[in-house]
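Below is one structure, written out as structure tokens; the observations come after it.
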């Protein structure tokens with residue numbers, strides 16, 4: 001059974017090439033693919049999947065300043081030093097989220113958001129139905145035996161890694177389904193009634209069940 005976790009995905013301005021452009025004269029987003037140039041004014045954006053995981057290294061995201069590189073812990077509680085491209089600055093750790101995947105390969109070279117999802121994100125945004133949450137698929141890390149053979153490890157939390165496509169570092173993203181047929185809704189209600197009859201149910205249980213079963 002696939003192991004999935006839900007995360008927020010955000011689009012933020014970038015000073016780099018970006019994965020998405022938006023021309024000042026238009027509200028529409030455009031996915032950046034191949035060589036693109038323009039004499040018209042436009043803004044550049046990248047996508048970031050952010051997590052509440054403990055921040056120990058890598059890149060962080062701050063709503064006011066965008067992506068920033070983690071440098072070191074300070075001796076002052078709950079503050080860190082990060083690099084915004086202007087040198088090290090001190091910032092409040094609780095205001096930052098950990099970036100676990102992005103459309104910027106420099107930030108997350110091993111967990112990259114590929115063009116297929118970028119196109120889906122752009123299309124959904126242009127249709128006024130933006131994607132704010134996604135699911136990432138996880139898989140157990142491999143372990144090397146004394147014989148040199150590599151085998152799949154356990155599915156315990158500390159032994160999981162973000163699943164990527166076999167031939168590159170593109171993460172496997174599942175977008176939330178936005179519409180359901182009448183028969184799908186009836187089937188979901190029936191399945192949830194069975195679950196609640198056996199397990200009991202609170203509002204929190206219901207919310208969790210919906211997230212795990214409505215794909």
- Task: Assess whether residue 58 counts as being without any contact (Cβ under 8 Å) to a residue 60 or more places away in the chain and closer than 22 Å to residue 124 by Cβ.
- Result: no
- Task: May I ask you to list the residues in region 46-74 that are crowded, with 16+ Cβ neighbours inside 10 Å, at pLDDT 80 or above and more than 14 Å from residue 107 (Cα to Cα)?
- Result: 51
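The values are calculated or read from the model by the stated rules, or taken from the named source; none is laboratory data. What you are looking at is a predicted structure, and each value in this text was computed from that prediction instead of being measured. Don't worry about glycine lacking a Cβ; one is built from the backbone with ideal geometry, like all the others, and counts go over all protein chains shown.
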